[in-house]
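Before any comments, here is the structure.
Bear in mind these aren't lab numbers, they're just calculated from the coordinates by the rules spelled out. Everything numeric here is computed off the predicted structure, so don't read it as measured data. Here the Cβ is made from the backbone with ideal geometry for all residues, glycine too, and neighbour counts use every protein chain on show.
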Amino acid sequence: MAFCKPPTNDDEEKVFSSFLNLSRFPQVYVKYSALFRITREAYPYEDTAQLLSRAISSYGANRIMWGSDFPYVVPECGYKGAKEAVSHAAAKIAVSSSDMEWILGKTVSQLFQGAWVTP
């Protein structure tokens, strides 16, 4: 979802809907990251909550993974701020704690299984 800004007109909505329609392919996952790049608002990037909500509705939380966009996030809001922005967006749209577990780590652990991943 990187670089998908919240749609503000019909053309942008068509593009975003096309992205959501990719959810019909089970091998497609979503990386919800670099919120400072996709927002149209100041921190904590509240307009990104609608993107997360629609992605969860289309893909399910088990196909969404958060990424901080480190090290580029450091001068914007820092790693801690990036994680707090995701939590803020999730609270705004009432994402369950179970779904947040998937978004913040379980999805990536399941997708990229290996010795470096702790169960």
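Here is the figure for region 31-49: residues that are more than 10 Å from the chain's Cα centre (by Cα) and within 14 Å of Phe19 (Cβ to Cβ) total 1. Within region 12-24, does at least one residue satisfy the condition of being more than 25 Å from Tyr72 (Cβ to Cβ), outside any helix (DSSP H, G or I) and over 12 Å from the mean Cα position of the chain (by Cα)? No, region 12-24 has no match at all. Summed over region 38-53, residues that are farther than 9 Å from Ala89 by Cβ, buried (at least 17 other Cβ atoms within 10 Å of the Cβ) and hydrophobic (A, V, I, L, M, F, W, C) total 1. Among residues that are buried (at least 20 other Cβ atoms within 10 Å of the Cβ) and touching a residue at least 24 places away in the same chain (Cβ under 8 Å), Met100 is not included.
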